[in-house]
Ligand code: BES
Ligand code: MN
Ligand code: MN
């Protein structure tokens, strides 16, 4: 029975909060090399915490970049099922800093929320599972299942070394299911299980003309401005109605069946309220939930080039660059789509400029069987802790490890998240709703109990 462990969670909220604040105060920004030492420090913080909880085989395992932290508890024995719990301890950069109401690495409680970079994505959510396991071990001295933790430091940079890590440690990571808390729910009273995630392909597009910057009076009208050429290229990637024009882009997209289309249509959406946008945009023939969950998209993240300092400078810049990506849906092959895009760019590019496309990381979309026992255990755990049946949703974001778990370890993945859609992930004033954090710990306890029964 889990009453004692639940009571432990309720009686130890202050200590838990203090510990989470300590974790959040280390700036584990994976993409910035000046935070290399902070990544190591965060990994060390995790191993110390996991040892204190009573986990075994706790270790920092190096990869080509940021380490994986591993720890397990296998005393439930070989006949009990094993749950592989994943989380990522790396976070996104914090810019623009001046928009934070309290500094990103000085975790601060305001009202019901704890504000800090990583509060919801994903340090807060991974901490939920450490706290749950701690509560069970402190009160019952045992877990109902075997548990393995795999905590990575490269999710926000595309989990670049994780696939090699997983295929190199198949035995160590063997389990019956994976549990991931890295997704939002629509409201504190409405939990949601994510059964679909989009994939991602990242690019940089360079456009060059002259060998150096030019005076725009001397050369304007005879040398093609790379910023203008780049803007034209980008503008050609969408129709006026928001569809992507890359030939073949939608070829492998599987249409939603009627049941799923209805499910997505019926789900609440608050896109206007959440974003403050004037009006929604995109493929009007699909519902907004279908557009983020089940349709591929093309985005521009940044354009660099020319003079952007104070005042003016009349220049034709020598080069311009754009950072781009595509979100992909199940059955789309990232390699195929990338090749289609690169071919199209070269077709469209005028012969007045030189165009180069660089590919960064990518990963395919994920789709999970909603009827799997692990997913059903998550639904039952939500019901017990949040008091409501979860929705089943497809999310537009990407979590590369989910596909890796499916492909290399053949695991079903239960995505049971505790963040809220308005937690400001990747943005200033990231937060976690504290009641969700504590309820999440209860849900995590219930999950382990439920899964032990179901397997
Ligand atoms: N936790 C998010 C993924 C997410 C966000 C899922 C919102 C569902 C809803 C994750 O940390 C993330 O930000 N992933 C990146 C992956 C990329 C850098 C490879 C993303 O989706 O941009
Ligand atoms: Mn995340
Ligand atoms: Mn993220």
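Listing for the model above:
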{"quantity": "Single residue of 172, 130 found to be more than 22 Å from the chain's Cα centre (by Cα), in contact (Cβ under 8 Å) with a residue 24 or more places away in the chain and more than 14 Å from ligand 3 (Cβ to nearest atom)", "calculated": "172"}
{"quantity": "Residues of region 267-288 satisfying the condition of being within 12 Å of residue 186 (Cα to Cα) and assigned to a helix (DSSP H, G or I)", "calculated": "271, 274"}
{"quantity": "Yes/no for residue 275 being at pLDDT 95 or above and exposed (fewer than 14 other Cβ atoms within 10 Å of the Cβ)", "calculated": "no"}
{"quantity": "Yes/no for residue 284 being surrounded by 18 or more Cβ atoms within 10 Å (Cβ to Cβ) and in contact (Cβ under 8 Å) with a residue 24 or more places away in the chain", "calculated": "no"}
{"quantity": "Filtered residues of region 379-430 (kept if within 20 Å of the chain's Cα centre (by Cα) and either farther than 21 Å from residue 198 by Cα or outside the structural domain of residue 87 (by TED's automatic domain parsing) (or both))", "calculated": "428, 429, 430"}
{"quantity": "Residues of region 405-449 that turn out to be crowded, with 22+ Cβ neighbours inside 10 Å and part of a strand (DSSP E or B), as a count", "calculated": "8"}
{"quantity": "Of the criteria (1) outside any loop (DSSP other than H, G, I, E, B); (2) modelled with pLDDT of 95 or more; (3) buried (at least 16 other Cβ atoms within 10 Å of the Cβ), which one residue 249 fails", "calculated": "(1)"}
{"quantity": "Candidate set from region 123-173 (those that are surrounded by fewer than 20 Cβ atoms within 10 Å (Cβ to Cβ) and at positive phi); member that is nearest to ligand 2 (Cβ to nearest atom)", "calculated": "158"}
{"quantity": "Residue within region 190-204 that is away from ligand 3 (no atom under 16 Å from the Cβ) and out of contact with any strand residue (DSSP E or B) (no Cβ under 6 Å at 6 or more places or on another chain) present", "calculated": "yes"}
{"quantity": "Only listed residue being without any contact (Cβ under 8 Å) to a residue 12 or more places away in the chain and in the same structural domain as residue 51 (by TED's automatic domain parsing), chosen from 144, 96, 78", "calculated": "78"}
{"quantity": "Residue pairs meeting the criteria (Cβ under 9 Å; at least 6 apart or on separate chains; first closer than 20 Å to residue 86 by Cα and more than 9 Å from ligand 1 (Cβ to nearest atom), in region 415-432; second outside any strand (DSSP E or B) and at pLDDT below 95)", "calculated": "420/186"}
{"quantity": "Selection within region 372-404 - away from ligand 3 (no atom under 16 Å from the Cβ), closer than 18 Å to residue 268 by Cβ and not in a helix (DSSP H, G or I)", "calculated": "387, 388, 389, 390, 391, 392, 393, 394"}
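Results for (1) surrounded by fewer than 21 Cβ atoms within 10 Å (Cβ to Cβ); (2) without any contact (Cβ under 8 Å) to a residue 40 or more places away in the chain, shown as yes or no for each residue.
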| position | (1), (2) |
| --- | --- |
| 4 | yes, no |
| 28 | no, no |
| 41 | yes, yes |
| 47 | yes, yes |
| 55 | no, no |
| 60 | yes, yes |
| 67 | no, no |
| 71 | no, no |
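The values are calculated or read from the model by the stated rules, or taken from the named source; none is laboratory data. What you see is a predicted model, and the numbers here were worked out from it, not measured in a lab. Positions of Cβ are backbone-derived with ideal geometry, glycine not excepted, and every protein chain shown enters the neighbour counts.
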